[in-house]
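Every number here is computed from the coordinates shown, using simple stated rules; none is lab data. Since the structure is predicted, the reported quantities are computational estimates derived from the model, not experimental observations. Here the Cβ positions follow ideal geometry from the backbone for every residue, glycine too, while neighbour counts run over all protein chains shown.
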Amino acid sequence: MSEGALRSSDLLAQFKQTEARTRTQIQAAELLDNTVDEGDVGNLLQVTGCSAELRKPICQSDCLSNRYRSITGECNNRSDPRWGAANIPYSRWLPPEYEAVWGIPRGWDPEHTYHNVSLPPVRLVSQEVLFTHNDNISLDSTLSHLLVEWGQWIDHDMVLTPQSSSTVSFRTGADCTHTCSRDAPCFPIQIPLSDPRYGVQSCMPFFRSAPSCGAGILPHRQREQLNAITSFVDASMVYGSSTSLASALRNHSSPLGSMALNSQHSDHDLAYMPFLPPGEAINHLGMIALHTLFLREHNRLVKELHLLNPHWSPDTLYQEARKIMGAIHQILTWEQYLPRVLGESAMSLLIPPYEGYDPEVDPSIANVFATAAFRFAHVTVQPLVARLGPGYTTNSQHPHLPLHHSLFASWRVVQEGGIDPVLRGLLLSPAKLQTPGQMMVEELTERLFQAQGGMPLDLGALNLQRGRDHGLPGYSSWRRFCGLSVPNSTSELAVILGNFTLAHKFQLLYGTPQNIDLWVGAISEPALPGGRVGPLLSCLLARQFRALRDGDRFWWEREGVFTSTQRRHLHSVSLSRIICDNTHITIVPANPFSRTERPEDMLACSHPLIPHLDLSPWKEPDTGEEVRTEKYGERGYQLCLFLH
């Protein structure tokens, strides 16, 4: 930044920062992927380092592994210990459809045809279908912007797709940020002649997602992409998905099992996250607010648990608080978030009541979910980040910000009032309403990661290009997969979309409904009653979230994970209560995901509808039945609590 040479692609790369183990696998996989010799696959796997990455983990069977989930997600399923773990390939619900062998992306060759028509440039689709002026939006009448933010928060718990470790062409060495040639891992987004940017830039940089080990060279295996974090809703965005990161985030000198805090600044005696090395963990204000909120909640929980159980070790306090935090995220997501996204009817039909853990269910994140389905909320993002003072009033010291000014601006939290103004803005601001003529605000299509004089990116075009990079089958294939009608003409598409003008745009762009990219087709469907997504997204989202629940051995409702009394108390958890307990905010909505139009409609934190989480069921007698073991952790002893 000091050199004035920061590019938007550099900023995008910061969101793809990965742990050492992930980087090791990526480098091994890319070496394997770019090795021409197909003769001795076994030796290739060994020499590149991929064989080590493909080894099946050894699972312990003891009280610790039965009581607490592993940080990496390994051994959740005893028979398939890599299911849902960090650093495994995304699962596939439909086979990939690449343009050619070795996983060449769809649209790699502009002359290549699908159903006798070539695919349109993704930037053209973004301009023609998605682009919406910031001041030409409708507001959601029932949902708050905190619901939008929660979607991204949970996404960060389940999905992290590393991009290629190289920023230059493997074949020629050309810098991917400067070349418009398609030469792996460079897959630049072409700027069409009709684009206002044409003449200023010829393409936007785009890096292919890194491959996973073993795919693309083994017989009958297509290129697969990697999920660098655990699939489970386990609050891994708070604790990490590797033992090294989990350790780095803890305060090891604390007797309470606390998380590390910022030693230089505080928010009127409330903690901030610690500063990390330059270039790591940079985020936007909404995410920083939620990260800070749940850091504080962990440290609040361990203090309360310590008062109840002064005989518990720091490791036990840490693990028990982490376990509660995972349950909180599962409850808020399945019981508060998903019904508002899917609608109550679709929710009850597609995600029936929990019947117990099913070891035959693979909870791994599907490629289609990570790359398309769970990106639906991008069309519900407001162009402004609202910041409000005490009493939810506009504060001249901390005014609303254009969205692109809130990105990579963690300094604003420390210097401009902490996280409270941001949280108040999320609670009182409505979500943007998605309609056919109001898809994605120009903050995201024209100003994404706008840096010092650099050319900004386009989130809509990035989403479409990523789907092609991953070989996702098109919109029609996924309609068929979900048992929905498949459009074969403009008129049939118009019936599905409820909009002839939009269907006609798709026909002009794609030539046939068969070619429509999944993401843009799916977000164009009208929402089901009471929800915010159409039939196709309801199908895909529900399938994934049901698998995440039923395939999780540590799901909060499973018998033996918590006691029946603990489950009853957990059921009352409230995001509003967590905000009350960890900020200076004193009035909150009863339902923070629902739109509140006026501060007068909010409740005091002392109101009975904002209940405290009673932790008394976690009190255990000091019976002396804790067993010392040297099997766990680099630091030696850890206490293992037997279940009574």
Those residues of segment 360-372 that are small (Gly, Ala, Ser), surrounded by 24 or more Cβ atoms within 10 Å (Cβ to Cβ) and touching a Ser or Thr at 6+ places or on another chain (Cβ under 9 Å) come to a total of 2
Looking at segment 551-573, can you tell me whether even one residue there is in contact with a helix residue (DSSP H, G or I) (Cβ under 9 Å, 6 or more places away or on another chain), within 20 Å of Leu342 (Cα to Cα) and not acidic (Asp, Glu)?
no
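Here is a check on your reading of the model: is Ser491 out of contact with any Leu (no Cβ under 9 Å at 6 or more places or on another chain), part of a helix (DSSP H, G or I), of a type outside the set (A, V, I, L, M) and surrounded by fewer than 19 Cβ atoms within 10 Å (Cβ to Cβ)?
On the way: out of contact with any Leu (no Cβ under 9 Å at 6 or more places or on another chain): yes; part of a helix (DSSP H, G or I): yes; of a type outside the set (A, V, I, L, M): yes; surrounded by fewer than 19 Cβ atoms within 10 Å (Cβ to Cβ): yes.
Taking the combined requirement at face value, the residue satisfies it.
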Here are some residues: Pro529, Pro513, Pro535. Which one is surrounded by fewer than 22 Cβ atoms within 10 Å (Cβ to Cβ), within 22 Å of Leu472 (Cα to Cα) and in contact (Cβ under 8 Å) with a residue 12 or more places away in the chain?
Pro535
So which of Glu74, Glu149, Glu111 is under 30 Å from Arg558 (Cα atoms), acidic (Asp, Glu) and free of Cβ contacts under 8 Å to residues at least 24 places away in the same chain?
Glu74
What are the residues in segment 278-295 that are in a helix (DSSP H, G or I) and either among the acidic types (Asp, Glu) or within 20 Å of Ser572 (Cβ to Cβ) (or both), if any?
Leu293, Phe294
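Does at least one position in segment 131-146 carry a residue that is part of a helix (DSSP H, G or I), among the aromatic types (Phe, Trp, Tyr) and surrounded by 15 or more Cβ atoms within 10 Å (Cβ to Cβ)? I'd like the intermediate steps shown before the answer.
Restricting attention to segment 131-146, the residues satisfying the condition of being part of a helix (DSSP H, G or I) are 145-146.
Filter again for among the aromatic types (Phe, Trp, Tyr), leaving none.
Among the residues of segment 131-146, not one is part of a helix (DSSP H, G or I), among the aromatic types (Phe, Trp, Tyr) and surrounded by 15 or more Cβ atoms within 10 Å (Cβ to Cβ), which makes the answer no.
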Gly483 vs (1) among the small types (Gly, Ala, Ser); (2) out of contact with any Asp or Glu (no Cβ under 8 Å at 6 or more places or on another chain); (3) not in a loop (DSSP other than H, G, I, E, B): all pass except (3)
Which residue pairs have Cβ atoms under 9 Å apart, sit 6 or more places apart or on different chains, and have a first residue in segment 252-274 that is in contact (Cβ under 8 Å) with a residue 60 or more places away in the chain and at negative phi and a second that is assigned to a strand (DSSP E or B) and among the hydroxyl-bearing types (Ser, Thr, Tyr)?
Tyr272/Ser266
Would you say Gln450 is out of contact with any strand residue (DSSP E or B) (no Cβ under 7 Å at 6 or more places or on another chain) and within 28 Å of Phe187 (Cα to Cα)?
yes
Of everything in segment 538-563, what is surrounded by fewer than 24 Cβ atoms within 10 Å (Cβ to Cβ) and among the small types (Gly, Ala, Ser)? Give them in sequence order.
Ala542, Ala547, Gly551, Gly560
Residue in segment 98-127 that is farthest from Thr501 (Cα to Cα), counting only those that are touching a Phe, Trp or Tyr at 6+ places or on another chain (Cβ under 9 Å) and of a type in the set (D, E, K, R)
Glu99
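Only one residue in Arg424, Arg375 is over 21 Å from the mean Cα position of the chain (by Cα), buried (at least 20 other Cβ atoms within 10 Å of the Cβ), part of a helix (DSSP H, G or I) and touching a residue at least 40 places away in the same chain (Cβ under 8 Å). Which one?
Working: Arg375 fails: over 21 Å from the mean Cα position of the chain (by Cα).
Checking each option against the conditions leaves just Arg424.
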